[in-house]
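Structure record follows, encoded as structure tokens.
Nothing in this text is a laboratory measurement; each read-out follows from the coordinates by a stated rule. These numbers were taken from a predicted model, which means no experiment stands behind them. Neighbour counts are summed over all protein chains in view; Cβ atoms, including those assigned to glycine, are modelled from backbone coordinates with ideal geometry.
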Amino acid sequence: MRFFNKYVPGNRQINKALLWEFDTNDIDIDKCKTLIAERTIEIGVLEDFYAAFDLFGGIQEFADIAKNNITGLSDKGLNFLCVAFGIKKEETKCYKNRLLRQKHIGC
């Protein structure tokens, strides 16, 4: 987790640009936690990660949400998730979902 070694818990707010289709003043964080994690990984900057860590209770909690809930990431996003958080891609729901799709398609 060397990418996030300067993280200090605070009270940051999620970047509204990550959730452009929602009213961020009236959003159910529990229902949108997977979407927030996915968008943070795919298009977020460092401050967006810090805000997500604050929102979800820390780095490990964010990593757990990303690992166990996200079903679709780009190759770049999945690689970043694995490298940044020390997760094996085979442990992620995203990778398992990808394998299932390939099996059904016959690739």
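At 0.36 nm per residue, and after removing the present C-alpha to C-alpha distance, how many nm does the segment from Lys16 to Asn68 gain when stretched out fully?
Extending this stretch completely gives an extra 16.3 nm.
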Rank-order 71-78, 15-22, 91-98 by packing density, defined as the average count of other C-beta atoms within 10 Å over each peptide's residues, highest first. 91-98, 71-78, 15-22
Quickly work out the Tyr7-to-Thr24 label distance, labels modelled 7 Å from Cα along the C-beta direction, and quote it in nm with one decimal. 1.8 nm
Over the Cα atoms of the chain, Rg to Rh with Kirkwood Rh, two decimal places? 0.99
Calculate the dipole size of the chain relative to its Cα centre from +1 charges on Lys and Arg beta carbons and -1 charges on Asp and Glu beta carbons; express the result in debye to the nearest 20. 600 debye
Can you tell which of Phe80, Asn11, Tyr50 lies farthest toward the positive end of the dipole of the chain, using +1 and -1 charges on the Cβ of basic and acidic side chains (Lys, Arg; Asp, Glu)? Phe80
Given 25 °C and 0.890 mPa s, how large is the Stokes-Einstein diffusion coefficient of the stretch 1-60 in µm²/s, with Rh as the Kirkwood radius over Cα pairs? 208 µm²/s
